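Structure first, then comments.
The values are calculated or read from the model by the stated rules, or taken from the named source; none is laboratory data. On a predicted model such as this, the values are computed, not experimentally measured, just so you know. No Cβ is skipped: glycine too gets one built from the backbone with ideal geometry, and neighbour counts run over all protein chains shown. Please note that ligands, DNA and RNA were not included when accessible areas were found on the heavy atoms of the full protein model with its side chains. Shrake-Rupley method; radii C 1.70, N 1.55, O 1.52, S 1.80 Å.
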Amino acid sequence: MNKIIIAIDGSSSCGKSTLARTLARKLGYRFIDTGAMYRAVTLYILENNVDIKDAEQIALALSRITISFENINGQNTAFLNGTNVEKKIRTMRISHMVSEIARIPEVRRFLVAQQHVMGKDKGIVMDGRDIGSVVFPSAELKLFISASLESRTERRAAELIERGESITKEAVRENLKKRDLIDSTRADSPLIRAKDAIGLDTTHLTRDQMIEIALQMVKNLID
Ligand code: DC
């Protein structure tokens, strides 16, 4: 069967990772959560006290970072230099810092080069902010996902509480707003809807409805 690249972009907690992960499972494709890659770099920078204003320190840090993904008990799991960091990269500590790291051009070049390699054989669903616009501008299917700030706050707060973090909805809402602003206004590959991306507002869709709509689009392309 004709294998394609599916690029899914959108702001934080709009449902894009759930959609990307499920589509990949149903199609037998590889799923890559590029946000996890930016989060892993952020974790390394924090744990090693890297001065992000010092270009040499950033270059040295990047030369020491290896990111990989493994499927553990059906869960896509991020590894940083061979250590499972899946839990650590999802904390608010990382969320507070990640957009500042993701705006650094050297960091973006470093990760985009790896994303290109991951997609070279197609059969991949990649989610992020710049996948349809910068990483794979010729992806066969590009989706741009959105949802209201309120529904994104609910979704993210529920996820964090389930993981045992004690946070308030207000703190989650403010973090989402701040990241939206930095992610969509940065100079290097900002969050932007590619001209040929299909918009999908998930605010009033159930998870299953969202998946069904996207799956139908894929089927129309590959059948
Ligand atoms: O999807 P997420 O919330 O886990 O992403 C974390 C941060 O990484 C997000 O605030 C912006 C950045 N990011 C990016 O700049 N480009 C991507 N392709 C993916 C994520």
*Considering (1) over 14 Å from the mean Cα position of the chain (by Cα); (2) open to solvent by 60 Å² or more (accessible area, probe 1.4 Å), say which one LEU43 fails and leave the rest.*
(2)
*Among the candidates SER166, SER148, which residue alone is surrounded by fewer than 14 Cβ atoms within 10 Å (Cβ to Cβ), out of contact with any Phe, Trp or Tyr (no Cβ under 6 Å at 6 or more places or on another chain) and at pLDDT 95 or above?*
SER148
*Qualifying residues in the range 87-144 (those that are open to solvent by 20 Å² or more (accessible area, probe 1.4 Å), within 28 Å of ARG173 (Cβ to Cβ) and among the hydroxyl-bearing types (Ser, Thr, Tyr)) - the one nearest to the ligand (Cβ to nearest atom)*: SER133
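To keep it simple, each residue is scored yes or no on (1) within 14 Å of the ligand (Cβ to nearest atom); (2) of a type outside the set (Phe, Trp, Tyr); (3) open to solvent by 20 Å² or more (accessible area, probe 1.4 Å).
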{"residue": "ALA7", "(1), (2), (3)": "yes, yes, no"}
{"residue": "CYS14", "(1), (2), (3)": "yes, yes, no"}
{"residue": "LEU19", "(1), (2), (3)": "yes, yes, no"}
{"residue": "LEU23", "(1), (2), (3)": "no, yes, no"}
{"residue": "THR34", "(1), (2), (3)": "yes, yes, no"}
{"residue": "ASN49", "(1), (2), (3)": "no, yes, yes"}
{"residue": "ALA59", "(1), (2), (3)": "no, yes, yes"}
{"residue": "ILE72", "(1), (2), (3)": "no, yes, yes"}
*Just one of GLU159, GLU174, GLU212 is modelled with pLDDT under 95, out of contact with any strand residue (DSSP E or B) (no Cβ under 7 Å at 6 or more places or on another chain) and open to solvent by 40 Å² or more (accessible area, probe 1.4 Å); which is it?*
GLU159
